[in-house]
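The values are calculated or read from the model by the stated rules, or taken from the named source; none is laboratory data. Since we're looking at a predicted model, the values are computed, not measured. Please note: Cβ atoms are built from the backbone with ideal geometry, for glycine as well, and neighbour counts cover all protein chains shown.
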């Protein structure tokens, strides 16, 4: 039997999402190193990695990836960290996420869909160059 978290504990965990949103790489990295789950998700299914990518913090994205963040997490809206990085046109985050194994076709709003919908040819080129190496062009 597990005990429910206290309001104070819940507030602390919520503050981790603020660190991801603001790009506090040192603070968030330290918290993960101290035991906060690197794949912690909020009530919308957003992981720390998705939030860092969406708010365009490539250093935080890299730090989370180095700590084992799951690139295959999909939030409740069908979005991934890679899709968020594509939307923000963050070449560095996209490159790091692809290098960590992120799937450009994952999610109901995949990174490929985002690049095509918002007419982002430079992002589509990054995604399809990686996909060409994996044999999934046009996914």
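Which residue is nearest to residue 93 (Cα to Cα), if the candidates are limited to segment 25-52 and must be assigned to a helix (DSSP H, G or I) and free of Cβ contacts under 8 Å to residues at least 24 places away in the same chain?
By that ranking, first place goes to 26.
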Given (1) on the phi > 0 side of the Ramachandran plot; (2) assigned to a helix (DSSP H, G or I), index of the condition residue 56 fails: (2)
Unique residue being touching a strand residue (DSSP E or B) at 6+ places or on another chain (Cβ under 8 Å) and within 19 Å of residue 129 (Cα to Cα) when the list is 81, 99, 105, 85: 81
Close pairs from segment 5-24: first at positive phi, partner assigned to a helix (DSSP H, G or I) and at pLDDT 95 or above, Cβ under 9 Å, at least 6 apart: 23/52; 23/58; 23/59; 23/60
Residue within segment 111-134 that is at pLDDT below 95, part of a loop (DSSP other than H, G, I, E, B) and either more than 20 Å from residue 58 (Cα to Cα) or within 19 Å of the chain's Cα centre (by Cα) (or both) present: no
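I'd like the residue in segment 1-21 that is part of a helix (DSSP H, G or I) and touching a helix residue (DSSP H, G or I) at 6+ places or on another chain (Cβ under 8 Å) and, out of all such residues, is surrounded by the fewest Cβ atoms within 10 Å (Cβ to Cβ).
Filtering segment 1-21 for residues that are part of a helix (DSSP H, G or I) and touching a helix residue (DSSP H, G or I) at 6+ places or on another chain (Cβ under 8 Å), the one surrounded by the fewest Cβ atoms within 10 Å (Cβ to Cβ) comes out as 21.
Could you please let me know if residue 69 is in contact (Cβ under 8 Å) with a residue 40 or more places away in the chain and in contact with a strand residue (DSSP E or B) (Cβ under 9 Å, 6 or more places away or on another chain)?
Taking the combined requirement at face value, the residue does not satisfy it.
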Options 105, 99, 129: the member that is free of Cβ contacts under 8 Å to residues at least 60 places away in the same chain, more than 25 Å from residue 10 (Cβ to Cβ) and either surrounded by 24 or more Cβ atoms within 10 Å (Cβ to Cβ) or touching a helix residue (DSSP H, G or I) at 6+ places or on another chain (Cβ under 6 Å) (or both): 105
Candidates 70, 24 - the one that is within 12 Å of the chain's Cα centre (by Cα), modelled with pLDDT of 95 or more and surrounded by fewer than 21 Cβ atoms within 10 Å (Cβ to Cβ): 70
Single condition residue 98 does not satisfy, out of (1) closer than 15 Å to residue 16 by Cα; (2) in a helix (DSSP H, G or I): (1)
